[in-house]
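Take a look at the structure set out below.
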Amino acid sequence: MPLISLQRKPSRHLVVSVLSVGLLGVSWGRLAADDPPAFGEPLPGLTTEEHQAFEIGLEDFLEVETVEDGLGPVFNERSCAACHSVPAIGGDSAVIETRFGTHTNEQFDPLLSGGGSLLQTDGIGPVGDCVIAGETIPPEATVVAGRKSTPLFGLGLIEAIPDEALHQLAARQPEAIRGRVHLVQDVGQPTRPGRFGHKAQAATLLQFAGDAYLNEMGITSPNFPEENCPTGDCRLLRCDPVPDLEDDGTGVQAFTDFMRLLAPPPRGPMTPEARDGEQVFARIGCAGCHVPTWTAGGSDVTAISGATFHPYSDFLLHDMDTLGDGLEQGQASGTEMRTMPLWGLRVRQSFLHDGRADSIEGAILGHEGQGDRARQQFRALTPADVEALMAFLQSL
């Protein structure tokens, strides 16, 4: 089963300009539509204008921000690619960010007064009469959790899933594993289902990109105009070297275009053993949440509109009990997490939301809450079935 089916024009070919990015080794030339793109390459079938938008977005994605560009005053990395580079630009990485908070009167407090809930580990240093250092976790934090960078491959297809399709899936899932649509406030739009991030806290790629630009690099933009106060001390913002809006929206749009037009992961070899493992995957209940197949709705990108693709996720929140990160975000509780898409699983080096598992088997055994029944079914498998299941998961 290919990870993306573009069957409307089987003879279509994509002609692209050759792009090379020095040390990072990103390059491509002519790409046939019936040859799946490699990790980090654009969707097949893009127009010349769309491909130019992808290249511009990739260039911005690779750019290393400086203080003069508006970096900071506190930040985690200087470029998007620093956290999204494995096995190619747009992937995940070993980077684990830290979030924290506490509970006060049975309510979750993200400790904004201490710079929460995201810890920005770096500061721009001495500037004016200020010294802006990286943040530390405040002593009153009782919840501290890691968050692994998520792969960005194929996100334009996920964005094109109709909202109603997510609602319909949640309604028909069995009660024991029924997920919940995370309704979030989109940028300039009504509340709608989230689908990006560990808590499905972003509904669109524009929102996802603007949030990351601000919170990971400290770059403000029209939809995210307010700087983060270092360690919650807003007095330090008087020393911000670039106090005005640092991106007029073009950078955020470029990131959005890059993610929207980035191809999904190519599928690995599907051996007879892997096909048997696919049946095991369904039989023990994994496919109930890791839904194999979706169809995109309408899109102004022809390569996306109506495409069938295979992310292996329902993009819903599920109660994972102690596997949850303890953080509340939007309407998502501390035990709820979005189902992680499994496409591209074979190239990941650590697993689960905080990277705690170093093997696929370890990740399965880490499932609790609504994932516990599938975990117990996995434990009851014969060795032959386990081998087949692993062969299937290693094909994704």
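What follows is calculated from the coordinates using simple rules that are stated; it is not laboratory data. This is a predicted model, so every value here is computed, not measured. Ideal geometry is used to build each Cβ from the backbone, glycine not excepted, and the neighbour counts take in all protein chains shown.
So here's what we get for this one:
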read-out	value
Over 12 Å [Cα-Cα, region 258-311], rounded percent	74
Contact order relative to length of region 112-185, as percent, for alpha carbon pairs under 8 angstrom and 6 or more apart	16
The chain: Cys lacking any partner C-beta under 4.7 angstrom	C80, C83, C286, C289
Sparse-neighbour loop sites [chymotrypsin sites (Phe, Trp or Tyr not before Pro); region 172-254; at most 10 other C-beta within 10 Å; DSSP]	none
For S305, distant residues with modelled amide H under 5 Å away	S299
Two-site label geometry, D372 and A171: point separation in nm, points 7 Å out along Cα→Cβ	3.0
Extension gain from R275 to L381, taking 0.36 nm per residue of separation minus the Cα-Cα distance	36.5 nm
Label point 7 Å beyond Cα of V127 along Cβ direction - residues of region 40-72 with amide nitrogen under 11 Å	66-72
Potential lengthening between D321 and A287 on full extension [0.36 nm per residue; Cα-Cα distance subtracted]	10.3 nm
Helix-only CD estimate at 222 nm, as mean residue ellipticity for the chain, using -39500 (n - 2.57) per DSSP H run (n ≥ 4)	-7000 deg cm²/dmol
Simple spin-label estimate for E106 and E226 in nanometres, 7 Å along Cα-Cβ	2.8
Lys, Arg +1 and Asp, Glu -1 on Cβ, resulting dipole of the chain about Cα centre, debye, nearest 20	1640
Mean separation of Cα contacts under 8 Å (6+ apart) over length of the chain, as relative contact order %	20
9 Å beta-carbon shell around A388, net charge (K/R +1, D/E -1)	-4
For region 262-327 and region 376-396, distance of Cα centres in Å	17
For C130, residues with placed amide H under 5 Å, excluding near neighbours	none
Cα→Cβ-extended label distance, 7 Å offset, between T191 and R356, nm	3.1
